[in-house]
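Asker: Just dropping this structure here.
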Amino acid sequence: MIPQFLRDDYPLEKHLFLIPKFALRLIGFYPESKLNTPLLCWAFFNFLILGYGSYAEFTYGIHYLTIDMQTALDALCPVLSSIMSFIKIFFIWWHRSDYKHLIEEVRRLTEAQSSMKNMHIKRKFFTIATRLAALVLFFGFNTSTAYTVRLVISNAILYLNQQDIIYETPFRMMFPQPLLAMPIYPFTCILSHWHGYITVAGFVGADGFFLGFCFYFATLFKMLQEDLSDALAVNNSIRAKNSRAIRCEADIVSKLTDIIRRHNEIALLMKKFSSIMVGIVLSHFITSSLIIGTSVIELLLSEELALKAYCSQWYDYSVRVQKMTLLIMIRAQRTITVKVPFLTPALPMLTAVRIVAVYPAVKNK
């Protein structure tokens with residue numbers, strides 16, 4: 001049975017950052033959560049468990065590196081994810097006020113647009129963002145759980161064969177011997193198991209934020225396109241030299257002013273978002289390649305805003321409206337994108353990639 005939040009009829013106001021909110025609230029690091037002593041203690045506990053677990057995994061892997069390569073890699077592979085999650089959680093906490101401001105602004109801008117066309121756009125993009133973030137949560141949760149299931153099954157087989165069970169944790173970690181002996185051993189296993197879920201929550205929270213902001217900014221750009229097309233739609237009354245035409249043109253000027261204001265607000269929000277995401281993306285550039293790719297959406301939709309303006313009947317209006325429309329075209333062609341280390345999606349870069357990909361095929365023909 002499909003969860004309710006994955007359905008097409010799920011309330012739009014609940015979609016916004018639904019999965020990252022769930023994951024980060026679970027460990028006490030969601031930016032909009034009200035700070036109090038219990039929350040701070042819970043967040044510090046989870047941060048400590050994640051940090052010490054990463055250290056224990058790394059120590060275990062280094063210890064067995066010259067003894068058993070397979071066993072060492074069994075610890076070193078998860079520890080890379082744990083360390084990246086540790087860094088991501090740290091940056092989210094460090095910039096929690098900035099994240100809170102961005103979330104509030106995105107919520108304000110999206111809720112302000114309530115026309116039928118804009119509601120359809122929001123439904124489409126919000127649903128995709130929630131489903132993709134849910135996939136990250138689903139696979140991360142199953143992967144983390146599989147480590148514990150593996151330990152339970154292996155020890156169950158040993159017990160049924162009347163052999164001594166192996167006192168190890170779900171994730172390969174180097175612990176003091178008393179922690180791996182009865183009666184403390186089950187508690188140690190539980191902490192190791194929870195360490196895996198904290199890692200998943202950190203990934204889902206940080207990557208879900210990146211993915212969500214990309215799609216929500218894309219939503220805002222798409223709604224700008226629709227509003228611009230509606231504002232510059234052909235209206236025969238404009239051609240008539242009467243008071244009604246003057247009032248109609250005043251309404252158009254007002255709509256274009258609002259579009260320009262919203263466009264500038266989105267640009268400022270994306271600039272702020274880029275500045276606080278540098279550390280996270282830099283720390284996990286390779287595995288974030290899929291997420292970085294989604295940032296191309298904003299660039300393409302921003303460029304289409306200029307195309308929408310050019311293809312409208314803007315030349316039928318007065319000189320003032322024409323000037324405002326031309327300014328929108330110029331503004332929309334400026335690069336607005338999520339800047340990350342090593343890769344900034346831009347038209348010159350995308351054109352170069354396209355030429356490199358297409359040229360060999362053309363040459364072979």
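Asker: Going by the structure shown, is residue 262 more than 18 Å from residue 322 (Cα to Cα), assigned to a helix (DSSP H, G or I) and at pLDDT below 80?
Answerer: On the way: more than 18 Å from residue 322 (Cα to Cα): yes; assigned to a helix (DSSP H, G or I): yes; at pLDDT below 80: no.
No; evaluated as a whole, the condition is false for this residue.
Asker: Consider residue 103 carefully, then state whether it is over 30 Å from residue 172 (Cβ atoms), over 16 Å from the mean Cα position of the chain (by Cα), modelled with pLDDT of 85 or more and surrounded by 14 or more Cβ atoms within 10 Å (Cβ to Cβ).
Answerer: Values: over 30 Å from residue 172 (Cβ atoms): yes; over 16 Å from the mean Cα position of the chain (by Cα): no; modelled with pLDDT of 85 or more: yes; surrounded by 14 or more Cβ atoms within 10 Å (Cβ to Cβ): yes.
So residue 103 does not fit the description; no.
Asker: Identify all residues within region 182-209 that are over 30 Å from residue 22 (Cβ atoms), in contact with a helix residue (DSSP H, G or I) (Cβ under 9 Å, 6 or more places away or on another chain) and either modelled with pLDDT of 90 or more or not in a helix (DSSP H, G or I) (or both); write none if there are none. Can you show your working first?
Answerer: Going residue by residue through region 182-209, those that are over 30 Å from residue 22 (Cβ atoms) are 182-185.
Among the residues that remain, those that are also in contact with a helix residue (DSSP H, G or I) (Cβ under 9 Å, 6 or more places away or on another chain) are: 184-185.
Residue satisfying the conditions is 184 alone.
Condition check ((1) in contact with a helix residue (DSSP H, G or I) (Cβ under 6 Å, 6 or more places away or on another chain); (2) surrounded by 14 or more Cβ atoms within 10 Å (Cβ to Cβ)) across all residues:
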| site | (1), (2) |
| --- | --- |
| 66 | no, no |
| 69 | no, no |
| 74 | no, yes |
| 79 | yes, yes |
| 91 | yes, yes |
| 109 | yes, yes |
| 118 | yes, yes |
| 126 | yes, yes |
| 133 | yes, yes |
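Asker: Given the options 149, 204, name the one that is closer than 25 Å to residue 26 by Cβ, surrounded by fewer than 13 Cβ atoms within 10 Å (Cβ to Cβ), aliphatic (A, V, I, L, M) and within 30 Å of the chain's Cα centre (by Cα).
Answerer: After ruling out the rest, the residue left standing is 149.
Asker: Determine, yes or no, whether residue 226 is acidic (Asp, Glu) and at pLDDT 85 or above. Lay out the reasoning, then the answer.
Answerer: Details: acidic (Asp, Glu): yes; at pLDDT 85 or above: yes.
Judged against the criteria, residue 226 is a match.
Asker: From 219, 257, which residue is in a helix (DSSP H, G or I), among the hydroxyl-bearing types (Ser, Thr, Tyr), surrounded by 15 or more Cβ atoms within 10 Å (Cβ to Cβ) and at pLDDT 70 or above? Before you say what the answer is, go through the steps one by one.
Answerer: Numbers: 257 fails: surrounded by 15 or more Cβ atoms within 10 Å (Cβ to Cβ).
That would be 219, the only listed residue that is in a helix (DSSP H, G or I), among the hydroxyl-bearing types (Ser, Thr, Tyr), surrounded by 15 or more Cβ atoms within 10 Å (Cβ to Cβ) and at pLDDT 70 or above.
Asker: Would region 229-252 turn up any residue that is at pLDDT 85 or above, part of a helix (DSSP H, G or I) and of a type in the set (A, V, I, L, M)?
Answerer: No - not one qualifying residue is present in region 229-252.
Asker: Among (1) out of contact with any Asp or Glu (no Cβ under 7 Å at 6 or more places or on another chain); (2) surrounded by fewer than 17 Cβ atoms within 10 Å (Cβ to Cβ), where does residue 43 come up short?
Answerer: That leaves (2) as the condition not met.
Asker: Every residue in region 134-152 that is at pLDDT below 90 and farther than 20 Å from residue 77 by Cβ, please.
Answerer: Across region 134-152, the qualifying residue is only 152.
Asker: Further, regarding this structure: What residue, among those in region 170-196 that are under 35 Å from the mean Cα position of the chain (by Cα) and free of Cβ contacts under 8 Å to residues at least 24 places away in the same chain, is surrounded by the most Cβ atoms within 10 Å (Cβ to Cβ)?
Answerer: In the first step, residues of region 170-196 are kept if they are under 35 Å from the mean Cα position of the chain (by Cα); the result is 170-175, 187-196.
Pick out the ones that are also free of Cβ contacts under 8 Å to residues at least 24 places away in the same chain and you get 187-188, 190.
Values: 187: 10, 188: 19, 190: 13.
Filtering first and then ranking leaves 188.
Asker: Would you check if there is a residue in region 8-23 being without any contact (Cβ under 8 Å) to a residue 60 or more places away in the chain, assigned to a helix (DSSP H, G or I), loosely packed, with under 15 Cβ neighbours inside 10 Å and among the basic types (Lys, Arg)?
Answerer: Scanning region 8-23 turns up at least one residue that is without any contact (Cβ under 8 Å) to a residue 60 or more places away in the chain, assigned to a helix (DSSP H, G or I), loosely packed, with under 15 Cβ neighbours inside 10 Å and among the basic types (Lys, Arg).
The values are calculated or read from the model by the stated rules, or taken from the named source; none is laboratory data. Quick caveat, the model's predicted, so the values are computed rather than measured. Cβ atoms come from the backbone with ideal geometry, glycine included; neighbour counts cover every protein chain shown.
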